[in-house]
1. Do any helices (runs of 4 or more DSSP H) lying entirely in the range 350-431 carry at least 1 residues that are in contact with a Lys or Arg (Cβ under 6 Å, 6 or more places away or on another chain) and farther than 29 Å from N334 by Cβ, and which ones are they?
2. Can you confirm whether G364 is buried (at least 17 other Cβ atoms within 10 Å of the Cβ), under 18 Å from Q317 (Cβ atoms) and more than 26 Å from the chain's Cα centre (by Cα)?
3. Looking at the range 21-55, which of the residues that are basic (K, R) and within 13 Å of the chain's Cα centre (by Cα) is nearest to D202 (Cα to Cα)?
4. Test each condition in (1) small (G, A, S); (2) in contact with a strand residue (DSSP E or B) (Cβ under 8 Å, 6 or more places away or on another chain); (3) closer than 30 Å to K169 by Cβ for G218 and report the one that comes out false.
5. Of all residues being buried (at least 20 other Cβ atoms within 10 Å of the Cβ) and over 20 Å from the mean Cα position of the chain (by Cα) in the range 187-196, which is nearest to T109 (Cα to Cα)? Just the residue, please.
6. Check A382, A388 and return the single one that is touching a Phe, Trp or Tyr at 6+ places or on another chain (Cβ under 8 Å), within 23 Å of E306 (Cβ to Cβ) and assigned by TED's automatic domain parsing to the domain that holds G406.
7. If I go through the range 202-252 residue by residue, how many of them are part of a helix (DSSP H, G or I) and either aliphatic (A, V, I, L, M) or surrounded by 20 or more Cβ atoms within 10 Å (Cβ to Cβ) (or both)?
8. Mind telling me which of the residues T173, T183 ends up being closer than 24 Å to P153 by Cα, more than 22 Å from the chain's Cα centre (by Cα) and surrounded by 18 or more Cβ atoms within 10 Å (Cβ to Cβ)?
Amino acid sequence: MDKFVVRGGNPLLGTIKVSGAKNSALPCMAAAILTEDEVILENIPQVRDIETERRLLAAMGAEVDLGYGRAQHRTSIRCATLSDPVAKYEIVKTMRASSLVLGPLIARTGIARVAMPGGCAIGGRPIDLHIKGLEAMGATITQDHGYLEARTPNNGNSQLKGAHIVFDKITVTGTEDLLMAATLADGETIFENCAREPEVSDLAALLTAMGAKIKGAGTSTIQVHGVAKLHGARHRINPDRIEAGTFLLAGAITGGDLDVDCCNPAHLGALIAKLESCGIRLDVGTDHIRVRSGGSLKSTNISTEEYPGFPTDMQAQFMALATQSEGTTTITENIFENRFMHVQELNRMGANITVEGRTATVRGPSKLESAAVMCSDLRASASLVLAALVADGETILDRVYHLDRGYEHFEEKLRNVGAQIRRMGDVFTKK
């Protein structure tokens, strides 16, 4: 099992490039199910979740070419024949985004069988909103032996029907899943209380390029006029705003001078505002942000919210920064109920953090020291790396396979800008 060894003390200096967004790429790959034609996606990150999605689509009968080498960030997908429209548990058990194939599968084939999502370390991500929406569109859904089976009316022999769907709570994957289903439904579908994340807009841009009729993506209300058929398209995936944010915090926490390139600053408004409140100097360009420490860091409070609020996927990394800030920081987690598992590990490194309910209180600055720590999830892993970059001595991070799910060549990118970080164990390779 791979580990990272990190020796702290080096400021990060230079330029670091941001990869494509995993959370955009996964629904866009699922959208290829909706057409018999080839869908070409560019700026695909080389991470574990993308390989899992490739295996999932291939198991259904799709032809999937993940380009490596000269075309390393491009993939082509052709779902001419979906011989086995089943998302098998043995493939999807490591990736929560597996539920994204439910909507496109039933819209395209009239039947879908998808393994129920299992437990998630950071908290529940219920699929009930997906089910409720599909039922409103006429699907019949049953559950047996850990699988959801969905059929369109007339036992899978007719289309889904347009509907008026109001989400009980904002859901990114629910919005994406039902948006895909609605593109081939008969009539008009109106969604209210939709997720407004850039990943939803990115998916809508691909679907529109495939011939879908969508209005309002990126707002709380989305209108879809179903069409009889979609065609192939070529689409470039958005930059990963969470990876960009992680590197901004890495530059800030180390007192470095780091240019985070190939990002979209418009997607990072909430984080930029909080970093500036901490006294960090940011030079914001059209596709890059330069981060420079302005001296001692100031404490500032955050509360995670749906986009455009402060992202839950940046909460753990910001907590690492808060350990080095002067004063008391309160961090309130409103999205997931169990997303403070990194607190214990940060405290083992010398942080002063207490948790009560959904609020963590960080008192700083703390002198962090090296320790052996355990990664519990994707973003917690990044948080511990950031802490290790400023810790005294050599920190060993175990179970960094979590990090490989969503960050492309993370240690190499950091090493290229001055971090002392190396990987031990079986290096993750692509097949």
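The values are calculated or read from the model by the stated rules, or taken from the named source; none is laboratory data. Keep in mind that this is a model prediction, so the values were computed, not measured. Neighbour counts are summed over all protein chains in view; Cβ atoms, including those assigned to glycine, are modelled from backbone coordinates with ideal geometry.
1. Numbers: elements: 378-390, 401-404, 410-415.
Counting at least 1 such residues, we get 410-415.
2. Values: buried (at least 17 other Cβ atoms within 10 Å of the Cβ): yes; under 18 Å from Q317 (Cβ atoms): yes; more than 26 Å from the chain's Cα centre (by Cα): yes.
Spelling it out, G364 is indeed buried (at least 17 other Cβ atoms within 10 Å of the Cβ), under 18 Å from Q317 (Cβ atoms) and more than 26 Å from the chain's Cα centre (by Cα).
3. Keep residues of the range 21-55 that are basic (K, R), which gives 22, 48, 54-55.
Retained after the next criterion (residues that are within 13 Å of the chain's Cα centre (by Cα)): 22, 48.
On the way: K22: 12, R48: 21 Å.
Checked the range 21-55; the qualifying residue nearest to D202 (Cα to Cα) is K22.
4. For G218, the failing item is (2).
5. T189
6. Details: A388 fails: within 23 Å of E306 (Cβ to Cβ).
It is A382.
7. As a first pass, look at the range 202-252 and keep what is part of a helix (DSSP H, G or I): 202-209, 241-252.
Keeping just the survivors that are either aliphatic (A, V, I, L, M) or surrounded by 20 or more Cβ atoms within 10 Å (Cβ to Cβ) (or both) gives 202-207, 209, 241-252.
Final tally of qualifying residues: 19.
8. Values: T173 fails: more than 22 Å from the chain's Cα centre (by Cα).
On inspection, the qualifying residue turns out to be T183.
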